[in-house]
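A.B. asks: Provided herewith is a single structure, encoded as structure tokens, for subsequent inquiry.
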Amino acid sequence: MALSKVNPNFVGQNLGRRNLIINGAMQVAQRGTSFTGVEAPAYHLDRWRSHISGVATKGICTITQDSDAPSGFAECIKVAVTTADTSLDAWAEYGIQQKFEGQDLQRLCKGTSSTKEVTISFWVKSSLTGTYILEMMDDDNSSRHINASYTINTSNTWEYKSITFAGDTAGVLDNDNAKSMTVSWFLAGGSNFQGGGLQTSWGGLVQTKRQVGQVNFFANNGNTFQLTACQMEVGDTATDFEHKTYAEELAACQRYYQKIGAVARVSFGAAVAHTTGAVFCPVRFMTTMRTTPSQSHNGSENFYVTGSNQNQSPPSGQTFGTEGININGVTVSVPGTFTVGNGYWFNCKADAVGYIAWDAEL
């Protein structure tokens, strides 16, 4: 059987693993699928952050994972205004963001003579037509930025957009796991972000050039904005969206956020009594996290410890270790007496949906 030859026409073309955005099709939602009363910066669908800052009288919204999506996609992120901000504060900013590690952006060759153009493409739908702003910001080099406008032409209709940004010969991105760049889909901006000419080439931070012409999406209750199929790739041409399996996207998201539990009777694993009043349960992460994470859980009443003829429910409290990026620990203190060195199990209660989460977002 003869080996096939490499087609020379494909040499140098940008094929697999070209999309720098994680969860661009909005498939993964470990934190949940609906968030009401959003009035502060927070992550919602995995890797997607609501950016709300500089506001006194705040616009408030609901953010959901929604099944209304263009053909070929199943999910989108949807922002719905529930409390309007009709008179924006001068420093008010609203938007949807994704942040990037510097070591994942080295292919951009930013800050060198070989710098590359970058194309960002996406599907968008809004009840409010008009001008919207997309921004790339270099977080390593004094917030250098480049901005572009796009127009939503028809209300409540999915529209495809593609924007190419020039490369930047200034400002090398750090080759590490820290935040190096932020891409923002703006929804509203106060007067301090408007008034200059839009920053359509890379340059030092000028606030008045960041949101020139941006509509105030938060001006009316009921306004909706939907986004999906987001792709960021090297080059001056938008290629077809790079579909990844759910498993691939989930694993990529778990580098930044992992959640174990949220299912009745789930076991977090074996534990050992290290004192007569506490057991320690090591938890190995599903993938290596970006950095040592912060930890949270949803209430001691949702967990119990069982084993060695003891069933303590609920524990009186949990403390979380900071072992590193591959494993963390849960120390559970309970009323009662354990036998030091004996083994136990740390579980969710049968009638609860306890979870423990670890956050290493940028």
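The values are calculated or read from the model by the stated rules, or taken from the named source; none is laboratory data. Since the structure is predicted, the reported quantities are computational estimates derived from the model, not experimental observations. We place every Cβ from the backbone using ideal geometry, glycine too, and count neighbours over all the protein chains shown. Please note that ligands, DNA and RNA were not included when accessible areas were found on the heavy atoms of the full protein model with its side chains. Shrake-Rupley method; radii C 1.70, N 1.55, O 1.52, S 1.80 Å.
A.B. asks: Considering (1) in a loop (DSSP other than H, G, I, E, B); (2) open to solvent by less than 40 Å² (accessible area, probe 1.4 Å); (3) not charged (D, E, K, R), say which one ILE52 fails and leave the rest.
C.D. replies: (1)
A.B. asks: Additional query: Which of the following residues is more than 14 Å from the chain's Cα centre (by Cα), small (Gly, Ala, Ser) and in a loop (DSSP other than H, G, I, E, B): GLY24, GLY16, GLY37, GLY32?
C.D. replies: Within the list GLY24, GLY16, GLY37, GLY32, the selection yields GLY16.
A.B. asks: Which one of these is open to solvent by less than 40 Å² (accessible area, probe 1.4 Å), modelled with pLDDT of 85 or more and touching a Phe, Trp or Tyr at 6+ places or on another chain (Cβ under 7 Å): VAL272, VAL330?
C.D. replies: VAL330
A.B. asks: With ASP168, ASP85 as the choices, which residue is open to solvent by less than 50 Å² (accessible area, probe 1.4 Å) and touching a Lys or Arg at 6+ places or on another chain (Cβ under 6 Å)?
C.D. replies: ASP168
A.B. asks: Now a separate question. Any idea how many residues of segment 194-212 are open to solvent by less than 50 Å² (accessible area, probe 1.4 Å) and either within 30 Å of THR288 (Cα to Cα) or in contact with a strand residue (DSSP E or B) (Cβ under 7 Å, 6 or more places away or on another chain) (or both)?
C.D. replies: So the count comes out to 7.
A.B. asks: Any idea how many residues of segment 350-362 are closer than 20 Å to ASN302 by Cα, of a type outside the set (A, V, I, L, M), open to solvent by less than 50 Å² (accessible area, probe 1.4 Å) and not in a strand (DSSP E or B)?
C.D. replies: 1
A.B. asks: Now a separate question. Considering only residues that are at pLDDT below 95 and either open to solvent by 40 Å² or more (accessible area, probe 1.4 Å) or under 15 Å from the mean Cα position of the chain (by Cα) (or both), which ones fall in segment 55-70?
C.D. replies: Of everything in segment 55-70, those that are at pLDDT below 95 and either open to solvent by 40 Å² or more (accessible area, probe 1.4 Å) or under 15 Å from the mean Cα position of the chain (by Cα) (or both) turn out to be ALA56, THR57, LYS58.
A.B. asks: Same structure again: Before we move on, is LYS161 touching a residue at least 40 places away in the same chain (Cβ under 8 Å), in contact with a strand residue (DSSP E or B) (Cβ under 6 Å, 6 or more places away or on another chain), of a type outside the set (Phe, Trp, Tyr) and not in a loop (DSSP other than H, G, I, E, B)?
C.D. replies: Against the criterion (touching a residue at least 40 places away in the same chain (Cβ under 8 Å), in contact with a strand residue (DSSP E or B) (Cβ under 6 Å, 6 or more places away or on another chain), of a type outside the set (Phe, Trp, Tyr) and not in a loop (DSSP other than H, G, I, E, B)), LYS161 qualifies.
A.B. asks: Of the numbered conditions (1) open to solvent by less than 40 Å² (accessible area, probe 1.4 Å); (2) without any contact (Cβ under 8 Å) to a residue 40 or more places away in the chain; (3) among the hydroxyl-bearing types (Ser, Thr, Tyr), THR228 satisfies every one except a single condition; which is it?
C.D. replies: With respect to (1) open to solvent by less than 40 Å² (accessible area, probe 1.4 Å); (2) without any contact (Cβ under 8 Å) to a residue 40 or more places away in the chain; (3) among the hydroxyl-bearing types (Ser, Thr, Tyr), THR228 is out only on (2).
A.B. asks: Quick check on my filter: what residues within segment 237-255 are surrounded by 14 or more Cβ atoms within 10 Å (Cβ to Cβ), closer than 12 Å to MET286 by Cβ and not polar (S, T, N, Q)?
C.D. replies: Those that are surrounded by 14 or more Cβ atoms within 10 Å (Cβ to Cβ), closer than 12 Å to MET286 by Cβ and not polar (S, T, N, Q): LEU250, ALA251, ALA252, CYS253, ARG255.
A.B. asks: For a quick check of your reading of the model, give me the residue pairs whose first member lies in segment 115-127 and is under 14 Å from GLU242 (Cα atoms), whose second is assigned to a loop (DSSP other than H, G, I, E, B) and of a type in the set (A, V, I, L, M, F, W, C), with beta-carbon atoms closer than 6 Å and at least 6 apart or on different chains.
C.D. replies: THR119/ALA238; SER121/ALA238; TRP123/TRP158
A.B. asks: From the list ASN175, ASN156, pick out the single residue that is assigned to a loop (DSSP other than H, G, I, E, B), touching a helix residue (DSSP H, G or I) at 6+ places or on another chain (Cβ under 6 Å) and open to solvent by 10 Å² or more (accessible area, probe 1.4 Å).
C.D. replies: ASN175
A.B. asks: Could you check LYS259 against (1) open to solvent by 30 Å² or more (accessible area, probe 1.4 Å); (2) at pLDDT 95 or above and say which number it fails?
C.D. replies: Tallying (1) open to solvent by 30 Å² or more (accessible area, probe 1.4 Å); (2) at pLDDT 95 or above, LYS259 fails exactly one: (2).
A.B. asks: Tally time: how many residues in segment 100-153 are open to solvent by 50 Å² or more (accessible area, probe 1.4 Å) and either at positive phi or small (Gly, Ala, Ser) (or both)?
C.D. replies: Here the count works out to 4.
A.B. asks: Among the residues of segment 333-362, write down those that are of a type in the set (D, E, K, R), modelled with pLDDT under 80 and in contact with a strand residue (DSSP E or B) (Cβ under 6 Å, 6 or more places away or on another chain).
C.D. replies: Correct list: LYS349 only.
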